[in-house]
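Worksheet: the structure to be examined is printed underneath.
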2 protein chains.
Amino acid sequence: MQSTMMNVQLTTAAILRHGARVHATARVRTLQPDGSVRTGTFAEVGRRSAQLAHALRACGVVGDERVATLMWNNQEHVEAYCAVPSMGAVLHTLNPRLTPEQLVYIANHADDRVVIVDGTLAPLLAAVLPQLAEVHTVVVTGGVDLAPLERDGLTVVGYDDFIGGHLETFEWPELDELSAAAMCYTSGTTGNPKGVAYSHRSTYLHSMAACAADGLSVTGDDAILAIVPMFHANAWGLVYAALMAGADLVMPERFLQAEPLVRLISSERPTIAGAVPTIWSDVLNHLDSNPGHDISSLGLVACGGSAVPLHLMKAFQEKYGVQIVQAWGMTETSPLAAIARPPAAVEGEEHWALRASQGRPVAGVELRLIDDDGNEVPHDGKSVGEIQVRGPWITGSYIGDEDAEKFDDGWLRTGDVGRIDERSFVTLTDRAKDVIKSGGEWISSVELELLLAGHPDVLEATVIGVPDEKWQERPLAVIVVRDGSEVTPSQLRDFLEGKVAKWWLPERWCFVPDVPKTSVGKFDKKLLRARHADGDLAVIDL
Amino acid sequence: MQSTMMNVQLTTAAILRHGARVHATARVRTLQPDGSVRTGTFAEVGRRSAQLAHALRACGVVGDERVATLMWNNQEHVEAYCAVPSMGAVLHTLNPRLTPEQLVYIANHADDRVVIVDGTLAPLLAAVLPQLAEVHTVVVTGGVDLAPLERDGLTVVGYDDFIGGHLETFEWPELDELSAAAMCYTSGTTGNPKGVAYSHRSTYLHSMAACAADGLSVTGDDAILAIVPMFHANAWGLVYAALMAGADLVMPERFLQAEPLVRLISSERPTIAGAVPTIWSDVLNHLDSNPGHDISSLGLVACGGSAVPLHLMKAFQEKYGVQIVQAWGMTETSPLAAIARPPAAVEGEEHWALRASQGRPVAGVELRLIDDDGNEVPHDGKSVGEIQVRGPWITGSYIGDEDAEKFDDGWLRTGDVGRIDERSFVTLTDRAKDVIKSGGEWISSVELELLLAGHPDVLEATVIGVPDEKWQERPLAVIVVRDGSEVTPSQLRDFLEGKVAKWWLPERWCFVPDVPKTSVGKFDKKLLRARHADGDLAVIDL
């Protein structure tokens, strides 16, 4: 029996229409180099998105061709988020932190035809542009010199000139919601990057999940500080959620250091923010050494990308009245999959234990735990397995690459290992490839790292597994000491003692000035293991 | 370009799985006749829903056959909400307030095969059962005597016996999300009732909209008092929203009078509630005359079905610290279409003006205004037209009845007349069929009613248009005076003076002991107009 409901498709155009009409006066506020803030209303974003769509049509973009962006977080990028998918093309967000080789690979793999680039990133694009065979048009924001980009057969044009003069309304086509809206490549540390293509449907549903009261709880009274870059995993869905709810967007552009961020928070008073833990760690250091800033407008700080140290959450809450809420996801999950909101009735240490977890799956996302033998293990808070995930905004394949190993009977294998408790709170203990197996038992590198990061003299801590004759593998702790601090391996070992099983305590320690990071800011453990194998790390053996 | 996202269907089974697993300890709390409260967890609802599905299969329910309920709000009804659609059958909620003729018509029109009936409603069912040709099984809740229902060829069984002994897990089939999940017939005052069939998809999306922070803002810390009957427009989506968010459900059964409701609120401390204005009006009267009750647990009271008088909202907020939020929708809109949440920055009288409106469309619902000539009119807060609505949880047809008049180029004609302001807040001025046209201009019966209901001596006020030789139509105010009060037409007219245009002031007045209501509790203006035409109303002419 068919229902009698309208078969209205879930599209970015519907999100844009809602934002620009119902929330016409909501604003995108973008930080400028001089510290001022440029403001555009959602109504204006709607008009300029229409102009951008006309301009893209006029320069030859048809069907589902790809339009790439190489941009920071600002109003033009929001307009690209709105216009490109809504006109039926596919938005491909390029990550400026990738290597030139990776940029060339993914832009060609995606078959990008147009690139919209921030003026400040134009030199980066210029360096790879000769290798991007199919790109016919480059649109540059900001009043920069276009000459370095120009070459035969390529149109190079400033953003305002590009959209100027075009109609401020656009008949957004009726698209199939299953068609691709946007693409993002994961930055795997092995092999070539893999691409996922979000659909209109997945984008829409994910935005609804973000707006849920138990999700990020976005309302028309909020202002969202989107620190997470818009080239990174759909900006955690913050942009579309803001349009859906009518929340202001506060955009830090490329100014992601603690000092401008704190200034921006003080002046613009956002109520919601999203960024990875290292950013918040920097912000905390800055606040601690520069007292007097008020960041208490922040009601909810979503934090994810890697595990959030408990001491960081406690420090923000106790010193600055700001609640950091851990969320878990990945590029392949749009990304919001779980969020750590303990029930209000849970208090004290149990509350903090749940806050330190990666949270419960949001409605729409199903999780299961699979052990090494491929069997499902119980959600009892003890059993460990790989997390598998399923849902309407979870990827089921990679672009042009089936990679069956990444999927299991309709579920995505996340590569994250952990446990799930009776209340469905997930605690990740490791990336599958970073798991340390010592004497046949698992040691959680993540747990050791989080504990070590709680030591007052430690700025960063990474734990990797290194070969051991007797135990097969043992943990090596790689430590970055805080400026002006001093600490010894035995002091750190003593600090861990009693907090973990005795046989988890590392004997091997190494002090470094900084830990290498991947293009999305995670500890590059693969590189650390390689350096260790090459004898490039000075290891102290207790 | 296809996306790489999983094509996971949006189904009630997914909602049930999420509720029963992730929110296993959330509860359904049902008021009992002796005033106690019976409690079942969502895990138990999951197990019993599986049993109910097995039992329905065992009694012959296959495919998308219809299973009807004739029940109040209680745990068994929640189980039917979960089991019936999730197994692929279609839930048909019967309204016990319909006439026997209407019940027979819609049960046969829907081709109901099984009826689950509250023991207290068994006599009502028994009276019409001989005319329900296709019903082969009747399942009765509560320990009542089954004999009066029994007849040849019919299985009559108690609910617990019916589900008892069956497996507590069920392999919910993978359904197409566009297939029907539940049916509801509208109680039009003309012609036969018309049926709408909600899809799994529309039900799922509507639940997400209800959970939105700017929707009903349902979280796992909430307890929802669902006063709105589960046979009425999908219980406003409260049941599925609760399962999605992990909110407790507080169920008043058939005890919908002010006294038991106030007792239930005091003891169970729900945080969200939903009911029509007349219920809240009764509750207010009860609270005012029985001081000492604490209903302040209620953070949000959703109120709709007909316009909510401003004085009612103000009284609840000022006297009892409870915020009544007006929402607008209809059976055909699942029903949540708009909700009156003014921006926080809007204060004072402007705040109350927006609170008195029907609100802004929730994300997913698009509205437009169409005038008598079929042209779209601007959203300027002044222009009046019929509200048309479109979206993924809006009906696009009626069951077995195209009724093209109800639709306009893919939009649903709501039959509501009103205006929309620049911020998209909707104010309904009338039902199209109740519009009063006087001297070529419109008089809003709804505005007059809301104002009159604000008079301290008035319990209920209805305004209908009656023929007038000079002006074509003039308003007739039909008044129910509060117990123990006395008021004259001239006093009421004086009370209105200055609040509306002079030519809106009614000359014709009529005092009645009560106003006739439709089966869903709305003023039956059609009947009033007929009584007036028949000379059955004693009209005082000023």
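When only residues in region A:423-481 that are among the basic types (Lys, Arg) and part of a strand (DSSP E or B) count, which is farthest from A:Leu367 (Cα to Cα)?
Filtering region A:423-481 down to residues among the basic types (Lys, Arg) leaves A:423, A:431, A:433, A:437, A:470, A:474.
Within this subset, residues satisfying the condition of being part of a strand (DSSP E or B) are A:431, A:437, A:474.
Working: A:Arg431: 16, A:Lys437: 24, A:Arg474: 30 Å.
Top of the filtered list is A:Arg474.
For region A:459-500, taking the residues that are on the phi > 0 side of the Ramachandran plot and among the small types (Gly, Ala, Ser), the one that is surrounded by the fewest Cβ atoms within 10 Å (Cβ to Cβ) is identified as A:Gly484. Summed over region B:10-22, the residues that are over 12 Å from B:Thr203 (Cα atoms) and within 8 Å of chain A (Cβ to nearest Cβ) give a count of 4.
A quick yes/no check of all residues on (1) under 23 Å from the mean Cα position of the chain (by Cα); (2) modelled with pLDDT of 95 or more; (3) in the same structural domain as B:Glu177 (by TED's automatic domain parsing):
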{"site": "B:Ala80", "(1), (2), (3)": "yes, yes, yes"}
{"site": "B:Pro100", "(1), (2), (3)": "yes, no, yes"}
{"site": "B:Arg113", "(1), (2), (3)": "no, yes, yes"}
{"site": "B:Val138", "(1), (2), (3)": "no, yes, yes"}
{"site": "B:Gly153", "(1), (2), (3)": "no, no, yes"}
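The requirement of being within 14 Å of chain B (Cβ to nearest Cβ), of a type outside the set (A, V, I, L, M, F, W, C) and in contact with a Ser or Thr (Cβ under 7 Å, 6 or more places away or on another chain) is fulfilled somewhere in region A:257-275, by at least one residue. Among the numbered conditions (1) within 10 Å of another protein chain (Cβ to nearest Cβ); (2) hydrophobic (A, V, I, L, M, F, W, C); (3) outside any helix (DSSP H, G or I), the only one that B:Val28 does not meet is (1).
If we scan region B:315-322, do we find a residue that is β-branched (Val, Ile, Thr), part of a strand (DSSP E or B), at pLDDT 95 or above and not assigned by TED's automatic domain parsing to the domain that holds B:Tyr240?
Keep residues of region B:315-322 that are β-branched (Val, Ile, Thr), which gives B:322.
Keeping just the survivors that are part of a strand (DSSP E or B) gives none.
The answer is no, given that none of the residues of region B:315-322 is β-branched (Val, Ile, Thr), part of a strand (DSSP E or B), at pLDDT 95 or above and not assigned by TED's automatic domain parsing to the domain that holds B:Tyr240.
Considering region B:261-278, the residues that are among the hydrophobic types (A, V, I, L, M, F, W, C) and in contact (Cβ under 8 Å) with a residue 60 or more places away in the chain include one that is surrounded by the fewest Cβ atoms within 10 Å (Cβ to Cβ), namely B:Val276. One residue stands out in region B:390-425 among those that are among the β-branched types (Val, Ile, Thr) and more than 9 Å from chain A (Cβ to nearest Cβ): the one that is nearest to B:Pro342 (Cα to Cα), namely B:Ile420.
Among the residues of region A:365-387, those that are within 30 Å of A:Lys314 (Cα to Cα) and within 14 Å of chain B (Cβ to nearest Cβ) comprise A:Val365, A:Glu366, A:Leu367, A:Arg368, A:Leu369, A:His379, A:Asp380, A:Gly381.
Of everything in region A:342-365, what is within 22 Å of the chain's Cα centre (by Cα) and within 16 Å of A:Asp421 (Cβ to Cβ)? Give them in sequence order. Steps first, please.
If we filter region A:342-365 for residues that are within 22 Å of the chain's Cα centre (by Cα), which is where we start, we get A:354-365.
Matches in region A:342-365: A:Leu354, A:Arg355, A:Ala356, A:Ser357, A:Gln358, A:Gly359, A:Arg360, A:Pro361.
Kindly provide the set of residues from region A:39-78 that are free of Cβ contacts under 8 Å to residues at least 24 places away in the same chain and in contact with a strand residue (DSSP E or B) (Cβ under 7 Å, 6 or more places away or on another chain), ordered by number. Selection gives A:Thr39, A:Thr41.
Does A:Arg97 count as more than 14 Å from A:Met183 (Cβ to Cβ), basic (Lys, Arg) and not in a helix (DSSP H, G or I)?
On the way: more than 14 Å from A:Met183 (Cβ to Cβ): yes; basic (Lys, Arg): yes; not in a helix (DSSP H, G or I): yes.
So A:Arg97 fits the description; yes.
Is it true that some residue in region A:226-241 is at pLDDT 95 or above, surrounded by fewer than 24 Cβ atoms within 10 Å (Cβ to Cβ) and hydroxyl-bearing (Ser, Thr, Tyr)? Within region A:226-241, none of the residues are at pLDDT 95 or above, surrounded by fewer than 24 Cβ atoms within 10 Å (Cβ to Cβ) and hydroxyl-bearing (Ser, Thr, Tyr).
I'd like to verify a number: residues in region B:113-150 that are assigned to a loop (DSSP other than H, G, I, E, B) and among the hydrophobic types (A, V, I, L, M, F, W, C), how many?
Residues of region B:113-150 that are assigned to a loop (DSSP other than H, G, I, E, B), as a first pass: B:132-136, B:142-146, B:150.
Cutting the leftovers down to among the hydrophobic types (A, V, I, L, M, F, W, C) gives us B:132-133, B:135, B:144, B:146.
Looking only at that region, the number is 5.
In region B:281-291, the condition of being surrounded by fewer than 19 Cβ atoms within 10 Å (Cβ to Cβ) and not in a helix (DSSP H, G or I) is met by at least one residue. Here B:Gly35, B:Gly88, B:Gly63 are screened, and the one residue that is part of a loop (DSSP other than H, G, I, E, B), assigned by TED's automatic domain parsing to the domain that holds B:Asp152, crowded, with 19+ Cβ neighbours inside 10 Å and small (Gly, Ala, Ser) is B:Gly88.
Determine, yes or no, whether A:Val84 is closer than 23 Å to A:Val250 by Cβ, more than 14 Å from chain B (Cβ to nearest Cβ) and not basic (Lys, Arg).
Numbers: closer than 23 Å to A:Val250 by Cβ: yes; more than 14 Å from chain B (Cβ to nearest Cβ): no; not basic (Lys, Arg): yes.
Criteria not met by A:Val84.
Listed here are the residues, each with its yes/no results for (1) touching a residue at least 60 places away in the same chain (Cβ under 8 Å); (2) assigned to a helix (DSSP H, G or I); (3) touching a Cys at 6+ places or on another chain (Cβ under 9 Å); (4) within 13 Å of chain A (Cβ to nearest Cβ).
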position: B:Ile295; (1), (2), (3), (4): no, no, no, no
position: B:Leu298; (1), (2), (3), (4): yes, no, no, no
position: B:Ala307; (1), (2), (3), (4): yes, no, no, no
position: B:Met313; (1), (2), (3), (4): no, yes, yes, no
position: B:Trp328; (1), (2), (3), (4): yes, no, no, no
position: B:Ala344; (1), (2), (3), (4): no, no, no, yes
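Within region B:163-172, the only residue that satisfies the criterion of being within 30 Å of the chain's Cα centre (by Cα) and closer than 18 Å to B:Val114 by Cβ is B:Ile163. Evaluate the following for A:Ser357: is it more than 8 Å from chain B (Cβ to nearest Cβ), crowded, with 22+ Cβ neighbours inside 10 Å and within 22 Å of A:Ser445 (Cβ to Cβ)? It is true that A:Ser357 is more than 8 Å from chain B (Cβ to nearest Cβ), crowded, with 22+ Cβ neighbours inside 10 Å and within 22 Å of A:Ser445 (Cβ to Cβ).
Considering only region A:161-216, state which residues are assigned to a strand (DSSP E or B) and surrounded by 24 or more Cβ atoms within 10 Å (Cβ to Cβ). Before you say what the answer is, go through the steps one by one.
Pass one, region A:161-216, residues assigned to a strand (DSSP E or B): A:179-186, A:194-199, A:212.
If the condition is that a residue be assigned to a strand (DSSP E or B) and surrounded by 24 or more Cβ atoms within 10 Å (Cβ to Cβ), then A:Ala180, A:Ala181, A:Ala182, A:Met183, A:Cys184, A:Tyr185, A:Val196, A:Ala197, A:Tyr198, A:Ser199, A:Ala212 are the ones that fit.
Looking only at residues that are in contact with a strand residue (DSSP E or B) (Cβ under 7 Å, 6 or more places away or on another chain) and in a loop (DSSP other than H, G, I, E, B) in region B:218-244, which one is nearest to the other protein chains (Cβ to nearest Cβ)? Let's see the steps before the verdict.
Taking region B:218-244 as the starting set, the residues that turn out to be in contact with a strand residue (DSSP E or B) (Cβ under 7 Å, 6 or more places away or on another chain) are B:218, B:222-231, B:233-239, B:242.
Then keep just the ones that are in a loop (DSSP other than H, G, I, E, B); that gives B:218, B:222, B:227-231.
Details: B:Val218: 6, B:Asp222: 8, B:Ile227: 21, B:Val228: 20, B:Pro229: 21, B:Met230: 19, B:Phe231: 18 Å.
For region B:218-244, the residue satisfying everything is B:Val218.
The values are calculated or read from the model by the stated rules, or taken from the named source; none is laboratory data. Please read these numbers as outputs of a predicted model, since none were measured by experiment. We place every Cβ from the backbone using ideal geometry, glycine too, and count neighbours over all the protein chains shown.
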